[in-house]
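Bear in mind that the values in this text are calculations on the coordinates, not laboratory data. Everything numeric here is computed off the predicted structure, so don't read it as measured data. Don't worry about glycine lacking a Cβ; one is built from the backbone with ideal geometry, like all the others, and counts go over all protein chains shown.
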Amino acid sequence: MPAGPAVSNILSFEDARRVVEEHASLIHPNATESVDLLAASGRVLATPIVADRELPPFSRSTRDGYAVRSADVSTVPVVLQLIGEIRAGERIENIPGNLEKSQAVSIMTGAPLPNSADAVVMVEYTSQDGNRVEIQRKAADGENVVPRGAEAHAGGELVARGVRLNEAAIALAASTGKSRVEVYKRPRIAVLTTGDEIVNIDANPGPTQIRNSNSYSLAVQIQRAGGDPVILPIAPDEASALHQLIEQGLKSDLLLLTGGVSMGRYDLVEQVLSELTAEFFFTGAKIQPGRPVVFGRCSTSATASQNPATYFFGLPGNPVSTMVTFELFARPIVEALAGMLPRRLLFVYAKLKSEVRVKPGLTRFLPAILSVEFGDSIVSLVPWQGSGDVAATARSNCYIVIAPNRERIPVDEFVPIMVR
Ligand code: AMP
Ligand code: MG
């Protein structure tokens, strides 16, 4: 058996996740760049977006109707004097400064209210006759009006640093007049797949060879987490070639290895990392799939001068193990390197469609299908051939999470699931 790290350190799922979260919280990237707002989707904000004026900038009507003083409509029906019309974008000099007692003004959605108006009554409840309007329904204070500054005050933070920009955040940037935003540079995440049997996807595989699929699933997961994948050549199960490629991978912001972390005679990843004087935080987690997952940090001559060391994960090579262990452990580190604020792992609950039996001792993440039947969220396991079965996993849309103390979970129990 190859010489691995001096001590093996196999943690429970929760402990392993905690170790990763602790390290993620220590990562503070500082390389930023300015990007066009139209190219900012999915990027992580490095400089907060601040309101440049009150939001809304004027007290805004949210519907077409009549701006009134709520005191004037406290008893209804009541006839008010109609003094004009305010359209959206109305020039400020055309807006009546104040509503006098018993006056109303016709107003459109998005238009500014006169100062003393504090409610907007909808058209359906009024009848209009020349310059008089009969209001048939009481209006509450502030009804159909968003007061100036109610959404945000000038100078207030609208989107915090570390937020991944989605359409709402980008709309806020646009509404403050920003055509460019400052975001973190995407971290470079090296992917090194290992195994004598693994060949490139454009090669013609021999009868006992396997095409490399892990580099491709990882590239997708890395991009989703905000990183840029850097795919290295496939490493053979041979120490010196592996050594050289690991050193190359450690020049990136994070190195993800797949395969070669089990206890087999040719699983050399931990041995080579040990030779490179890597520090191991854990060498396994009590989970299935993905038990042999490894997390650590290593400096090489190339990285020693820069940051203290580069984090690495050794992810098990079975394709579903690779996917699951990325989500559970590597994702928080990629997100932190991308500048994102830490997030907790999110589980939701759904009703189990049929009984599940497992051997206790491991936290399991089993591919499953979540669907809705008669208003209930129902989840059922996908039949699979184990952690190499990508075809079954592709048919699934979530993982059922099974606690290590469970042996039998009865039908209809609400179980935690991790949505993909
Ligand atoms: P290992 O973790 O190296 O013991 O590999 C476990 C299983 O995953 C073996 O059946 C490998 O052939 C398979 N495997 C390893 N790497 C890859 C890869 N990059 N793409 C597809 N399958 C892989
Ligand atoms: Mg292997």
Quiz prompt | Given (1) under 30 Å from Val183 (Cβ atoms); (2) within 14 Å of ligand 2 (Cβ to nearest atom), number of the condition Gln248 does not satisfy | solution = (2)
Quiz prompt | Residues (more than 44 Å from the chain's Cα centre (by Cα) and either among the polar types (S, T, N, Q) or exposed (fewer than 13 other Cβ atoms within 10 Å of the Cβ) (or both)) located in segment 86-99 | solution = Glu93, Asn94, Gly97, Asn98
Self-check item: Matching residues, segment 141-200, being within 16 Å of ligand 2 (Cβ to nearest atom), surrounded by 17 or more Cβ atoms within 10 Å (Cβ to Cβ) and of a type in the set (A, V, I, L, M)
Solution: Val191, Leu192, Ile198
Quiz item: Looking at segment 197-214, which of its residues are in contact (Cβ under 8 Å) with a residue 24 or more places away in the chain and either part of a loop (DSSP other than H, G, I, E, B) or among the aliphatic types (A, V, I, L, M) (or both)?
Solution: Ile198, Val199, Asn200, Ser213
Quiz prompt | Flag for Ala67 being farther than 30 Å from Glu335 by Cα, outside any loop (DSSP other than H, G, I, E, B) and without any contact (Cβ under 8 Å) to a residue 40 or more places away in the chain | solution = no
Exercise. Scan segment 236-279 for residues that are assigned to a loop (DSSP other than H, G, I, E, B), among the small types (Gly, Ala, Ser) and farther than 23 Å from Pro29 by Cα and jot them down.
Key: Gly259, Gly260, Ser262, Gly264
Quiz item: In segment 215-235, which residues are charged (D, E, K, R) and part of a helix (DSSP H, G or I)?
Solution: Arg224
Quiz item: Does Ala241 qualify as being within 16 Å of ligand 2 (Cβ to nearest atom), without any contact (Cβ under 8 Å) to a residue 60 or more places away in the chain, in contact with a helix residue (DSSP H, G or I) (Cβ under 7 Å, 6 or more places away or on another chain) and not basic (Lys, Arg)?
Solution: no
